[in-house]
Each structure stands twice: as C-alpha cells, then as structure tokens.
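Have a look at the structure below, then the notes.
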Amino acid sequence: MPNAIIIGSGLGGLATALRLSKRGYNVHLVEQYHQAGGRLNQLKKDGFTFDLAPSFFSMSFEFQEFVNDAQIPMPFEFVELDPLYSVNFRDTKKTYKIYKNLDKLAGEFKTVEPNFRKNIEKYLASAGKFYHDTNELVIHKNFKNIAHYLLTLARVPMGHAPKMIRSFWDEVTRHFDSREVKEILSLVAFFLGATPLDTPALYSLLSYTELVHDGYHSVKGGMYKIVEGLVAEMKKQGIDITYHTSIETFEHKGDKVTAFIDQNGKKWSADLFVVNADAAVFRNKIMKKKSFRTEKLDKQKWTLAPFTMYLGIDKKLPELEHHSYFLGDNFEEYAEKIFKNNISLKKPYYYVTNVSKNNTEAAPENHEAVFILCPVPDLRFKTNWDDSEEIGNNILTDLGERIGVDLHAHVVSKTILPPPYWEKSFGLHRGSGLGLAHDLNQIGAFRPSNKDEDFKNVFYVGSSTVPGTGLPMAIISSKLVVERIEQTYGSLH
C-alpha cells in the first residue's frame with residue numbers, strides 16, 4: 001500500500017485524500033493552520049460564528065461526482081439560493097434582486113433594460129454553448145504539454161474564438177444597454193478575483209452556471225460544514241491530519257523527493273506527495289525553483305487581495321439580504337484602477353453576507369453575524385495596511401447609510417483581516433486571495449502543472465494549478481491530480 005502525504009488541508013487536499021484512500025493509498029495530511037479547510041475555514045468570536053471566506057458556490061454537481069468517486073455519502077446539505085443575491089447602487093439607491101427565473105429577473109430590469117428577456121436569452125445561449133463545448137474538453141482534462149493543450153483548443157468550434165479576444169465587459173456590452181445590467185452580470189468576474197475589464201469573455205460561461213446550470217448554493221449550518229463533513233469521513237477511513245506543521249524544505253534522491261521537513265526538523269517521508277498549498281508559491285518558497293522565483297512571480301497576474309471584516313451586530317437587520325453587493329457610480333473607473341491601488345478606498349465596492357439570516361446558530365438571539373469582503377490591491381501595490389481600521393469604518397458608514405441603520409452604534413464584535421493576514425496565514429503570494437489570475441496565458445497548460453517538473457512523485461492540487469480557482473474547481477483539481485497519480489503509479493484495484 002503506497003504512502004501518500006498531502007501538504008495542506010484545503011478543499012482540494014481533503015478531496016484528494018478521500019479519492020486516494022478509496023483507491024488503496026495510505027494517506028496522511030500535514031497542515032500549518034490550527035484546523036482544516038484552508039481558506040474554506042471558520043472564525044468563532046464573542047458568541048458569533050463566521051465562514052472565513054467562501055460563502056456560496058456553484059456547480060454542485062461536481063461535489064456529487066466527487067462523493068460518488070470517493071464512495072462516501074454527501075457529508076453536508078445543500079441550500080439553493082433564491083434569489084441568488086441582491087445588488088445595490090450607491091447613486092440611484094436602487095436594489096436589484098437576481099433570480100434564476102428569467103421572467104422575475106426581467107421584471108427587476110423592466111425600467112432600465114426593456115428588451116432584457118430577449119437579450120438575456122441570447123447572451124445565455126451563447127455562454128451555455130461555450131460551456132458545453134469546452135467543459136469536458138478543457139476544464140476536466142490534464143495536458144501533457146503546451147502543444148497538447150493547443151491541439152485540444154483547436155477542437156473548440158471556431159465560432160467561440162471572439163470570446164478569447166474580447167473582455168468580459170465587452171461581451172456584456174454587446175448584449176445589453178443599461179449600465180445596471182452590464183455591471184451586475186459582470187460581477188461573476190470578481191468571483192475569479194479579477195475585474196470584468198481584464199477577464200476574458202470566455203468566462204461568460206459563469207453567467208450560464210449562475211442563472212441556468214445549477215445556480216448558487218450555500219450549506220445548511222454554514223460553509224464550514226463541508227470541511228467538518230469531509231474530515232469526519234476521513235476519520236472513518238483512518239486518515240489523520242497533523243496541525244501546526246509548516247513545511248520548510250525537502251530531501252530528494254535523484255528524481256524523487258524522499259521527505260519534506262517541517263519547522264521542527266521532523267522528516268515527513270512517503271512514496272508520493274500532494275501539495276495543497278499555492279502551487280506557484282510552494283515551488284518558489286520550498287522547492288526553490290528559479291522559474292518560480294519571487295521576482296518572476298511578481299511580474300505575473302494575480303487575483304485581487306481580500307480585505308475581510310467579521311461583525312457581530314446587536315440587532316436584527318431585515319434590511320440586509322443573505323448575499324448582497326454594494327456598488328458605486330464609477331464601475332469602469334473603479335475596476336480599471338483598483339488592482340494597482342490607483343483609486344481611493346473611501347467609498348469602496350464590497351460584498352456582504354448576512355450569515356445569520358439563513359443560519360440562526362451563527363449569532364445570539366436578536367443579533368446578526370455579518371461578513372464583508374472588499375477586493376483590494378495586493379501587497380505589490382499597497383504595502384502598508386495601517387489604515388485597515390479606517391477602511392473598515394468607511395465600509396461600515398457606507399453600508400449603514402444604504403440600509404438606514406447606524407451600524408457603528410450596534411457593533412459588539414469586529415474582526416478585520418487585511419491582505420498581510422491572508423499572506424501569512426495561508427501562504428498567499430502578496431496576499432492575493434485566489435492565486436494566479438485566469439488570463440489566457442495563465443490557464444490550461446500555461447498554468448503551473450499539477451505534476452512537478454523535476455520530481456516524479458510530487459503533485460499539486462488547488463490554487464494556482466489546473467483548472468483554476470473556486471470551490472468547484474478545487475474538486476475538479478482533486479480529480480485531475482488523482483488521474484495524474486494513477487498514470488504514474490497505476491491502479492491499486
């Protein structure tokens with residue numbers, strides 16, 4: 001029975017552990033944080049419970065594929081979101097609810113986009129065709145090399161070629177007239193940690209997964225139930241996790257790593273290793289690969305950094321939906337300048353989850369647990385975050401004005417986590433929230449491989465490797481890396 005060590009216990013690492021265990025591998029995980037989950041984690045403070053980062057997900061069918069493959073019961077309960085989310089505009093004070101039902105959605109936009117129903121059908125048909133023409137061909141596939149990847153892309157119908165050239169913003173502008181509709185549909189680009197101005201139009205497929213193909217889901221009891229459920233299944237199979245363990249270096253013999261070594265000098269030996277840290281950062285910091293040195297990584301495109309705030313509020317907030325986006329009146333300027341810290345954060349754009357609206361256990365009675373995420377420049381462009389409290393107060397003031405509540409007077413618990421925290425706690429390059437960005441030259445075979453370049457028993461899953469970022473992508477990533485391992489080691493059954 002081959003021994004496998006997985007470094008990191010994010011969603012990709014947990015899913016890989018269960019897939020490998022079912023295939024006969026003896027698996028152990030090591031984790032630098034104090035509990036499993038990576039960024040899919042949990043914060044408990046002052047009687048309130050928060051999901052640390054992800055608050056909903058799409059493509060729930062990928063989780064179904066995973067549990068079928070790992071031969072475990074679904075370890076958590078889906079909660080389908082309806083409406084999916086709401087969007088508030090600062091200048092018009094108008095809030096739009098986003099429904100999967102296109103008739104209801106058209107009703108939301110009847111005054112600003114009279115032809116919405118016809119336009120959205122055309123837009124979603126195009127996005128859906130692209131999704132179905134590329135999903136199995138590209139997203140669910142390992143590539144031997146760049147030539148193999150390019151040959152595969154050549155099989156994608158030529159009619160989709162313009163989506164490789166246009167930006168997401170250009171794509172929605174082709175179909176819609178009102179800035180409200182264009183901005184709302186473009187928000188999915190921010191889920192990739194980018195903006196619609198620098199995200200390729202091919203990601204309009206996310207609009208299809210959002211509004212047609214499965215929608216969005218949360219989890220009964222909070223998103224961390226995913227992690228708790230997977231860890232419980234691992235325990236049944238004898239898979240353990242060692243926490244507070246930070247890998248610092250490694251030993252090798254020829255083209256195989258024999259052991260990774262932690263901060264205490266302990267050697268973790270195995271037949272094969274799966275790295276569930278950021279695949280580019282690990283190659284730099286631990287593997288010391290020159291092609292991934294810091295100077296080179298700094299020149300690549302990374303996703304926006306997270307500025308997160310966790311609030312305990314001593315009153316109910318019926319004015320605040322479960323998932324809401326709060327936008328201003330300068331969307332294009334803001335999207336263009338936020339990456340490089342060229343715009344003020346006095347009135348930032350941000351996302352809010354009223355955690356306790358659907359999960360009453362997250363807050364004491366007659367209180368609310370509120371999570372706020374503001375995408376901000378990474379540490380290459382904004383090095384000093386001493387103004388974190390000021391930025392947090394700016395958001396609190398703005399949000400309070402929009403929902404008609406003096407939030408400052410009702411905050412009984414507040415935690416702010418700026419980019420330096422995310423960089424240090426989860427090994428994220430310059431605090432980038434979701435790893436390498438998804439430009440055309442950083443996806444597919446142009447992304448760091450899930451198989452090491454030098455050592456044939458080292459593999460990667462999760463951030464900055466294939467296929468990309470987000471919870472469903474982490475699940476797919478676990479499938480792809482297990483396929484790689486089986487190609488190398490064969491099937492044990």
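The numbers here are math on the coordinates, done by the rules we state, and not lab data. None of these values were measured; they are calculated from a predicted model. All Cβ positions, even for glycine, are placed from backbone atoms using ideal geometry, and neighbour counts span all protein chains on display.
Taking the 0 to 90 degree range and rounding to the nearest ten, how far is the long axis of helix 116-134 tilted relative to the main principal axis of the chain, both from C-alpha atoms?
10 degrees
Region 403-445 to region 247-268: how many Å between their Cα centroids?
Centre-to-centre distance over Cα atoms comes out at 31 Å.
Can you work out the FRET efficiency for the pair Lys296 and Phe61, with r the C-beta to C-beta distance and R0 = 45 Å, to the nearest 0.05?
0.75
Please sort by residue number the chymotrypsin sites (Phe, Trp or Tyr not before Pro) in region 370-430 whose DSSP state is loop and whose Cβ has at most 15 other Cβ atoms within 10 Å.
Answer by residue number: Phe381.
Which net charge results for the neighbourhood of Thr397, defined as the other residues with beta-carbon distances under 13 angstrom from its beta-carbon, given Lys and Arg at +1 and Asp and Glu at -1?
Neighbourhood net charge equals -1.
Run through region 321-420 and list the trypsin sites (Lys or Arg not before Pro) located in a DSSP loop whose Cβ has at most 15 other Cβ atoms within 10 Å.
Lys340, Lys346
Can you list which of the chymotrypsin sites (Phe, Trp or Tyr not before Pro) found in region 1-54 are DSSP loop residues with at most 15 other C-beta atoms within 10 Å?
none
Considering only C-alpha atoms, what is the centroid distance from region 163-205 to region 286-324, in Å?
Cα centroid of region 163-205 versus Cα centroid of region 286-324: 20 Å apart.
Measure nothing but the geometry: give the 0 to 90° angle between the long axis through the Cα atoms of 388-403 and the longest principal axis through the Cα atoms of the chain, rounded to 10°.
Roughly 40 degrees between the two axes.
Cut-off under 12 Å on the C-alpha distance; same-chain residues fewer than 8 positions from Lys316 excluded. Which aspartates and glutamates are left, in chain and number order?
Lys316 reaches Glu365, Glu368.
What does the charge count around Tyr310 come to, taking other residues whose C-beta lies under 11 Å from its C-beta (Lys +1, Arg +1, Asp -1, Glu -1)?
Around Tyr310, the charge tally is +1.
Hey, any idea what Rg/Rh is for the chain, computing Rh the Kirkwood way over Cα pairs?
Across the chain, the Cα-based Rg/Rh ratio is 0.95.
For a 29 Å ceiling on Cα separation, which of these pairs sit above it: Lys253/Lys424; Lys22/Lys144; Lys163/Lys299; Lys235/Lys357; Lys100/Lys424; Lys225/Lys414?
Lys253/Lys424; Lys235/Lys357; Lys100/Lys424
Stokes-Einstein diffusion coefficient for region 121-212 at 37 °C in a medium of 0.692 mPa s, Rh from the Kirkwood formula over Cα pairs: what value in µm²/s?
Answer, rounded: 239 µm²/s.
Among DSSP beta bridges whose residues both lie in the chain, state the antiparallel percentage, nearest 5.
Antiparallel bridges make up about 70 percent of those DSSP assigns within the chain.
Among the lysines, select those whose C-alpha is under 22 Å from the C-alpha of Lys104, and discard any that sit fewer than 8 residues away in the same chain.
Cross-link targets: Lys93, Lys94, Lys118, Lys122, Lys182.
Could you run the Karplus curve 6.51 cos²θ - 1.76 cosθ + 1.60 with θ = phi - 60° over region 21-38 and give me ³J(HN,Hα) per residue in whole Hz, x for Gly and Pro?
Each residue of region 21-38 in turn: 4, 5, 8, x, 7, 8, 10, 9, 10, 10, 9, 7, 7, 8, 8, 6, x, x Hz.
Output the 0 to 90 degree angle, nearest 10, between the alpha-carbon long axis of helix 224-236 and the longest principal axis computed from the alpha carbons of the chain.
So the helix axis and the longest Cα principal axis differ by about 20 degrees.
At a Cα cut-off below 13 Å, give the aspartates and glutamates reachable from Lys346, other chains included and same-chain residues fewer than 8 away excluded.
Partners within reach: Asp387, Glu389, Glu390, Asp398.
Students often check this: by mean Cβ neighbours within 10 Å, which of 280-293, 241-254, 9-22 ranks highest, and how do the rest follow?
9-22, 280-293, 241-254
Using the Kirkwood formula over every pair of different C-alpha atoms, what hydrodynamic radius in Å results for region 1-117?
18.1 Å
Please give the net charge around Lys357, taking every other residue with its beta carbon less than 10 angstrom from that of Lys357, where Lys and Arg add +1 and Asp and Glu add -1.
Neighbourhood net charge equals -1.
Tell me the mean residue ellipticity at 222 nm calculated for the chain from its helices only (DSSP H runs of n ≥ 4, each -39500 (n - 2.57), averaged over every residue, nearest 500).
The per-residue figure over the chain is -10000 deg cm²/dmol.
Would you mind pulling out the separation of the Cα centroids of region 45-90 and region 106-154, in Å?
Result: 23 Å between the Cα centres.
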